[in-house]
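Here's the structure we're looking at; comments come further down.
The values are calculated or read from the model by the stated rules, or taken from the named source; none is laboratory data. None of these values were measured; they are calculated from a predicted model. So basically every Cβ, Gly included, is an ideal-geometry build from the backbone, and we count neighbours across all protein chains shown. Quick note on the areas: whole protein, heavy atoms, side chains included, nothing else; ligands and nucleic acids left out. Shrake-Rupley method; radii C 1.70, N 1.55, O 1.52, S 1.80 Å.
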Amino acid sequence: MSCDFANMTPTSRKLPNEIDACGGALQFWDAVKGYPYMKRFFVVLTLVMASVWASVAAAQEPLRIELDNPNIEPLPFAAPNFVAETAGADQFAADLARVVAADLSNSGLFREIPKEAFISNITSFDSPVQFADWKAINAQALVTGSVSTAGDNQIVVKFRLFDVFSEQQLGEGLQFVGSTDGWRRMAHKVADAVYSRITGEGGYFDSRVVYVSESGPKNARAKRIAIMDYDGENNQFLTTDQSIVLAPRFSPNGNRVIYTSYETGFPKIYVLDVGTVSRQVLQDQPGTMSFAPRFAPDGQSVVYSLTTGSNTDLYKMSIAGGAPAQLTSDPTIETAPSFSPDGSRIVFESDRSGTQQLYVMGANGGEATRISFGQGRYGTPVWSPRGDLIAFTKQNRGRFHIGVMNTDGSGERLLTASFLDEGPTWSPNGRVIMFTRETSGEGGSSTLHSVDISGRNLRAVRQGGSDPSWSPLLK
Amino acid sequence: MRLPALSAALMLAAWSGPALADEDLSEALKAQIVPCWNVAALADVSDYIWMFVSLDLKPDGTFGADDIIWQENRGGTEGEAIAMYLTVERAIMRCGRDGFDLPAERYDEWRASNLVFVLNEEPSK
């Protein structure tokens, strides 16, 4: 028995002997037992009366209630147009609110209340909020903002977040200054702040995704490396469609992309600077094929697969060049390596057991531990940025799945199922996974999708794309 | 330690009545808060989070912002704990905005309550 409130059932009452465990009054009863009969009678009577008194007194103790069956419904929020504080800011005021609302709604955790339902509007950023008007439409969170234009194509964006029912502002107001063509990024930053203050998690809206853009028929598909905002907007191509490109992956700071290109006829690894779009070949050992590269968390080295003859093993080399270090030496195919966030371990896929499975080894190689044991084949493992989960592709009974498991292989959960789902990548906060979904048949196409790690909120992000890699949160 | 049978029976008799009544009160208050406790903001959190808040009510069942006090929490990150508290506060504020409907003649029994909110199963269970 403990006095700890956590160990009490919701309406449990402390029986006297249980009270004793907390208060030590059992010694009193021990003393009573030694009294003569009449004295014992009076003592017992006194004790009974004391018990009755105690029950009355106890009735005035706080009620104790335990609630463990919460609802999970998207949180209703209102995001009225930002207040345009200068001439020419009207369009930004509407667009900023629209992108903030879309970000929050797309997360699946929030539900936007339509503007048509608003009883009042925000016409001055600094005026007191009329909470009653927002309570009446059940807006639980309210995002207000303002935007003003400045010289040299600059805009200043301010925002505040309110918890409507507690009539409290959540956190400090924030202000962002940037160029007019960066207004979407500022909206994403506002949405990240709102998301973070309500969920307690880091956001992921101000981030980008690099992927393989695909166009043309399936038997002659042109592929280019492209980059876009996390929501599919602001698409830009980083390479031409003159050669096949595969598996672009961001560097940890998001400034560079490493990928595989067939432009020499053999797969080679290139590093591309996102800002200048300049590139260099990283690995060019004659007579070999290198592919499936991925940066180490420190950004200074790269792990990749290298095929020599008919054998494929994992290697690591410095981004500055130099001799590669061989990490595996099995007569089987080892590929799709991914570092743990602390850089100490690597998860990869291998068919050394006879079927394609997932293994974990130290960052410098050594003995690997198999972590996947379910039915089917496992591939393309990616370590979560939080370090707690590994996302993977699973093929079983003719269906493909995106799933997650604990880093020791326990707790496997399949999040999707379709004709072909593959190639997961994690959002910066480790709460969302983006992947490729391909439809069947000659006219089949690839579309980037996202899904929460709970398996909820499956969404199509962009058509004509595959092999995504999510950047870290932008600075 | 075993108590003498007679005394134990008397004690239980003395405690049994109010216990049932308290349970009714607890259930009445719980039933009024549960519909508003929405943890969508923590939907992707699989950690066990335990939060204990106290709530003081006025005779008409209303309360002020200072009457909800975060007493203790366990599990989850600091950010998740804050988010959890916000879901709890929002639940009480929303469903109690017009005052909780509890029997006025028993105000002494419900003027103070200790509420424990539990998200996800405790790991050891």
Which one is most open to solvent (accessible area, probe 1.4 Å), of the residues in the stretch B:100-121 that are outside any strand (DSSP E or B) and facing chain A (nearest Cβ under 7 Å)? B:D108
Test for A:R256: is it in contact with a Ser or Thr (Cβ under 7 Å, 6 or more places away or on another chain), within 21 Å of A:W426 (Cβ to Cβ), at pLDDT 90 or above and charged (D, E, K, R): no
Among the residues of the stretch B:45-97, write down those that are within 16 Å of the chain's Cα centre (by Cα), small (G, A, S) and part of a loop (DSSP other than H, G, I, E, B). B:G61, B:G96
Go through the stretch A:112-140 and count every residue that is more than 18 Å from A:V83 (Cβ to Cβ), under 29 Å from the mean Cα position of the chain (by Cα) and crowded, with 16+ Cβ neighbours inside 10 Å. 3
Filter the stretch A:88-111 for residues that are surrounded by fewer than 19 Cβ atoms within 10 Å (Cβ to Cβ) and farther than 24 Å from A:D181 by Cα and give the result. A:R111
Can you tell me which residue is farthest from A:S166 (Cα to Cα) among those in the stretch B:81-99 that are buried (at least 21 other Cβ atoms within 10 Å of the Cβ) and more than 7 Å from chain A (Cβ to nearest Cβ)? B:M84
Between residues in the stretch A:307-324 that are surrounded by 10 or more Cβ atoms within 10 Å (Cβ to Cβ) and residues that are basic (K, R), which pairs lie under 9 Å by C-beta distance while being six or more apart or on different chains? A:I319/A:R256; A:P324/A:K316
Test A:M228 against the stated conditions and say whether it is open to solvent by 30 Å² or more (accessible area, probe 1.4 Å) and either of a type in the set (A, V, I, L, M) or not assigned by TED's automatic domain parsing to the domain that holds A:A320 (or both). no
Which residues, counting only those in the stretch A:157-176, are away from chain B (no Cβ under 14 Å), among the hydrophobic types (A, V, I, L, M, F, W, C) and touching a residue at least 24 places away in the same chain (Cβ under 8 Å)? A:V157, A:F159
Is it the case that A:P381 is of a type outside the set (V, I, T), within 29 Å of A:G254 (Cα to Cα) and part of a loop (DSSP other than H, G, I, E, B)? no
Select from the stretch A:254-281 the residues that are open to solvent by 20 Å² or more (accessible area, probe 1.4 Å), of a type in the set (A, V, I, L, M, F, W, C) and under 31 Å from the mean Cα position of the chain (by Cα) and list them in ascending order. A:V274, A:V277
